[in-house]
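Reviewing the structure listed below.
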Amino acid sequence: VQIIEGWTVAEALAGLAADPVLRHELVGTDTLHVLEALGFPGGHAEGLFFPDTYQFERGDSDADILRRAHARMEEVLAAAWSDRAEGLPYRSPYEALIVASLIEKETGHESERGRIARVFVNRLAAGMRLQTDPTVIYGLGARFDGNLTRAHLVEPTPYNTYVIPGLPPSPIALPGARSIAAALQPDPGDYLYFV
């Protein structure tokens, strides 16, 4: 079964629920309670599951897959954190994970990840707002209809990085290894803007 890079936790739950072979223990569990349902301390689940292809045996459950994905994310993030570049403006691996999720959602081409990471790192270091559309879209939730407007860019939500300084309170998606690596080893440069 696959958990896709850039999916939200809600999309991962839906993807697992659609698999006809997995046992479905998490049906009806919303994203606010998924960590508790898995036996982890409560909190925001977004970004905490590693996107990958997971092999399983008949009888395994969606919860089993998410526990494995959570353990894998912890391994990948810890390894990347231990090899991070000097001078990054992150206080914790979780903050790096937030930035990795922004990179995952902002990236259009593989070759852009390191430059996008550098823009975010430089903006954080300079005290600039991150001003990234995917955070606005995430903050709108189900209200987003595919049309991002100027009114959305000034609407205060905890995720609107056009309005709030610094990082949003959690990741906005499930970042893959390449986005995590970019967040912790950004390209060199003094970039502050996307072109």
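Each reported figure results from applying straightforward, stated rules to the coordinates on display, with no laboratory input. None of the values given here were measured: they were computed from a predicted structure. Every residue, glycine as well, gets a Cβ built from its backbone with ideal geometry; the counts of neighbours run over all protein chains shown.
Angle of helix 113-126 to the longest C-alpha principal axis of the chain, folded into 0 to 90 degrees and rounded to 10: 60°. Our helix-only sum for the chain, with -39,500 (n - 2.57) per DSSP H run of n ≥ 4 divided by its residues, gives a mean residue ellipticity at 222 nm of -12500 deg cm²/dmol. Under the criterion of Cα pairs below 8 Å and six or more residues apart, the relative contact order for the range 71-182 equals 35 percent. Note that the range 100-108 has calculated 3J(HN,Hα) couplings of 4, 5, 5, 4, 4, 7, 8, 6, x Hz, one per residue in order, obtained from phi through the Karplus relation 6.51 cos²θ - 1.76 cosθ + 1.60 (θ = phi - 60°); glycine and proline are x. Taking label points 7 Å from Cα along the Cα-to-Cβ direction, LEU148 and ARG67 give a separation of 3.8 nm. Under a 5 Å amide H cut-off, with hydrogens placed 1.01 Å from N, ALA173 pairs with GLY47 among residues at least 5 apart or on other chains.
What order do you get for 177-186, 4-13, 23-32 when each peptide is scored by the mean count of other beta carbon atoms within 10 Å, highest first?
Numbers: 177-186: 23.2, 4-13: 19.0, 23-32: 14.3.
Going by the mean number of other Cβ atoms within 10 Å, highest first, we get 177-186, 4-13, 23-32.
Couplings for the range 182-188, taken from phi via the Karplus curve 6.51 cos²θ - 1.76 cosθ + 1.60 with θ = phi - 60°, read 5, 4, 9, 9, x, 4, x Hz in order; Gly and Pro are left as x.
Taking only alpha carbon atoms, the range 1-146 gives an Rg to Rh ratio of 0.99, where Rh is the Kirkwood radius.
Are there any trypsin sites (Lys or Arg not before Pro) in the range 87-116 that are in a DSSP loop and have at most 12 other Cβ atoms within 10 Å? List them by number.
Numbers: sites: ARG91, LYS105, ARG113, ARG115; in loops: ARG91.
Qualifying residues, ordered by number: ARG91.
Qualifying trypsin sites (Lys or Arg not before Pro) in the range 24-69, where qualification requires a DSSP coil assignment and no more than 11 other C-beta atoms within 10 Å, comprise ARG58. Note on VAL21/GLU75: beta-carbon distance plugged into 1/(1 + (r/R0)^6) with R0 of 41 Å gives a FRET efficiency of 0.95.
Can you tally the net charge around LEU124? Count Lys and Arg as +1, Asp and Glu as -1, for every other residue whose Cβ sits under 13 Å from the Cβ of LEU124. Mind dumping the intermediate values first?
Working: positive: ARG91, ARG118, ARG123, ARG129; negative: GLU95.
For residues surrounding LEU124, the net value is +3.
The relative contact order of the range 34-99, computed from alpha carbon pairs under 8 Å that lie at least 6 residues apart in sequence, is 29 percent.
In percent, how large is the relative contact order of the chain, given Cα pairs closer than 8 Å and 6 or more residues apart?
On the way: 330 pairs, mean separation 54.1, N = 195.
About 28 percent, as a whole number.
Here's how it looks for SER61: its modeled amide H is under 5 Å from those of ARG23, which are all 5 or more places away or on a different chain.
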